[in-house]
Each structure stands twice: as structure tokens, then as C-alpha cells.
1. Round to the nearest 0.05 the FRET efficiency obtained for residue 157 and residue 327 when R0 = 45 Å and r is the Cβ-Cβ distance.
2. Using a Förster distance of 41 angstrom, determine the FRET efficiency expected from the C-beta separation of residue 265 and residue 97, and round it to 0.05.
3. With a ≥ b ≥ c the root eigenvalues of the C-alpha gyration tensor of the stretch 82-192, is it rounded (a/c under 1.5), prolate (a/b larger than b/c) or oblate?
4. What percent do you get for the relative contact order of the stretch 187-300 when only Cα pairs under 8 Å and 6+ apart count?
5. Less than 20 Å from a label point 7 Å out along the Cα-to-Cβ axis of residue 139: which backbone N atoms in the stretch 89-108 qualify, by residue?
6. Run the accessible area of the chain with a 1.4 Å probe and give the carbon-and-sulfur part as a rounded percent.
7. Relative to the compact globular guide of 2.2 N^0.38 Å, what is the alpha carbon radius of gyration of the chain, as a ratio?
8. Any chance you could run the full-extension gain for residue 295 through residue 392? It's 0.36 nm times the residue separation minus the Cα-Cα distance, nm to one decimal.
Amino acid sequence: MSYTAQDLQSLRRFYSNKLLNDTIPFWFPRSIDTEYGGYLLMRDQDGSLIDDDKAVWIQGRAAWLLSTLYNTVEQKQEWLDGAKSGIDFLNKYCFDTDGQMFFHVTRDGQPIRKRRYFFSETFAVIANAAYAKASGDEEAAAKARYLFGKCIEYATTPGLLPAKFTGTRPMKGIGVPMIMMNTAQQLRETIGDPRCDEWIDKWIAEIEQFFVKDDIQCVMEQVAPDGNIVDHIDGRTLNPGHAIEGAWFILHEAKYRNNDPRLIKLGCKMLDYMWERGWDKEHGGILYFRDVYNKPVQEYWQDMKFWWPHNEVIIATLLAYTITGDKKYAKWHKMVNDYSYQHFHDPKNGEWFGYLHRDGSIAQTAKGNLYKGPFHLPRQEWYCLSLLNEFLKA
């Protein structure tokens, strides 16, 4: 199948309607904490609060979202004010005395937990950068650039943060070059930073050299330091949706670089490999974990359907189609888009359920927790809307 111009115009209206009339109204303005700042995002299917703790990385994601809507959709004062609430909360409560950010705090900002990784910092970078563009706040711009430098330090300095593995069987994951690439892309596209292009090149090269395995048509989640597959359960476990998220980051970079053919080839290859491994041919949807050699996977949620991989695959397939015109990607996009909005979407209350059983039935009703909030779904709808606006205009 292929998409006609009318099909793409219909999709554009669909994403605009879902983003602005369904997803965003579920979260805002009710999630803005008018007492302590930041956002109350742990919500059940009807929007009722199930916990008032705050996940720091999702505070950053929500501030990024509101700033981005202000920058690219409409300059609504309520979006700018809401973004400021998140930025102020992050700066006031979410940094430890050593400069590292917390992962989990109470409603009033008391620290509960730090983690060994620095994803809270990466989302604080993009939040501050987007807010700086929206508001003209030079302190936010300086904060974004400073934190980007700290993230580079964390990513490149062994021992600066606690290691996940001992020296017995060292491994490295695709998550760091992926998140850093996208952080740099967001920083570059909002307020700019001269370091971005060079580091994006390095992170793409790392993904291509170490994680993309052409001989077995796969993108690994973790590898040994030299790129070899570690033939143990942790080393063999794949996350198809995560790898496909990496694919669209690379396709986005290809588009930014005037449709760079080498990056298009790399991004499409990653998408192709992991669609084949991730799409559930029996029930539809993207399986959460697979084993690289098709052995049993350890985690009990391995065959569940989580919301966020579907958001990433929706973006990747539409982006691949608009860049290449390959009908295969239109077919895949329709498959994953139809599956996702039929199974995850809540037509009564808006937004998506986060977790389905393999057969597509709802596993639990929460729409917000320490890991889910207003990010993957609204980013997908916003990105697809922006992509189609640009594509149809051209």
C-alpha cells in the first residue's frame, strides 16, 4: 500500500486532533502543582491522582513538552507558564549537592532516590533549552548548555558514575549514545550549541560500529566493550522498540542533513531489522523483549505490549516513508498506528493506557507513574503532525 496526499492530510488532522483535544487536555492544566511547582503526573485512567511523588526525568519531559508546544504550535501563555513551573521545580529541588540530579522526589521536593544513570540530566537539558527559546531566559539557556557538558562528562568518563556491571563481564548499552544524540539534536534545534554536530557524529558512529549487526540483521541493546555479543541472558536481550527509537533519531539526522543517503540507509536498516524481530505476527503490536537467538527471555513482561515502543515505531515508520517513499513503510505505519489507537487509546478519558497483555487486553489502568507521563505519546503526535505539515507543504 501507499499513502495518497489525501491520506496524509487525514493523518495530519488525526494527529492534530489527538494531540490538542485528547492527549494534552488529559494532563494539563490539572497536573500543574500550583502549591510546590512542577507536575503531579501519577494518574489513573480517569485522571485521578494515585500518588503525589514526582519522577524527576518526567518533570523535565513535561516542561520540554509545554515549551515545545509554545514554540511550534501556538504561543499560549498557559503553556509557557506551565513550562516555567517545571523548570523552577527542577532547579529548586532536583539537584543534589554533588551536582547530580535525583530520580524520584516527594511532592514538595524532598529527595527519595538517585540512580546510576544521568537521564534526569538529559531531559533537564532539553527542557531548559526549549524553555529558553520560548521565554528568552538566558539563565535557562546557560543551564541547558552546562548540563549538556556534564552529560558528555558522564557519558565519556568511566567511574564518574557507578557502573552497572563489575569488571567480570563488562557491557555497554545503546541507551547512552541514543539519548545523547537526541539531546544534542534538541539542543541544536532550540538554542544551538557548537558541540552538537561533532558529538552527534560520534554517537551515530558508536551505534553503527558496535550495536548494528548486519550478519544477523539485528540491533543489539547491550554488547561487550569491543562490540561482541555477550552470550548470556542480559547480553542477548533485545528491546525492538528502543532500537527503532534509535533508528528514527538517525533518520531525523539524515533529514536535517539534506537527506544524507548514508544515514537514511543506516536508519532504515535498523528499522527493518527490528520490525522483523519485534512485530507480533499473531496478535499485532510490538513485543517488549526478544532474545537475539530466539531463546527464552528472562523478564516476565517480555511479551507484553508497552505504550512507548509503539509511539517510537509510529514515528519511525512515518519518517521512513516520507523520506524514502517506500510503500513498505506506509504499510507498517498503518499497521502500528491502527493497532496502537485501537488498543492503547482510552476513548472515554483520553490519553493511552500504558500496559497491555500480549493479546491486547489492558493489564492495568494507570496512565502516569514513575516511568509514564506526558512525553512519548504527545511527542509522537506532535512529531508526526510537524512532519506532515512540512511534508505536505513541500
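The values are calculated or read from the model by the stated rules, or taken from the named source; none is laboratory data. What you are looking at is a predicted structure, and each value in this text was computed from that prediction instead of being measured. Quick reminder, even Gly has a Cβ in these numbers, built from the backbone with ideal geometry, and neighbours come from all protein chains shown. Each accessible area value is taken on the protein alone, full model and side chains, heavy atoms only, with ligands, DNA and RNA left out. Shrake-Rupley method; radii C 1.70, N 1.55, O 1.52, S 1.80 Å.
1. 0.45
2. About 0.30, to the nearest 0.05.
3. It is oblate, given that a/c is not under 1.5 and a/b is not larger than b/c.
4. 23
5. Only 89-102 fall inside the zone, counting backbone N under 20 Å.
6. The nonpolar share, carbon plus sulfur, comes to 48 percent.
7. Details: Rg = 19.9 Å, N = 394, 2.2 N^0.38 = 21.3 Å.
Scaled against compact globular proteins, the figure is 0.94.
8. Values: separation 97, 0.36 × 97 = 34.92 nm, distance 4.42 nm.
Contour length minus Cα-Cα distance gives 30.5 nm.
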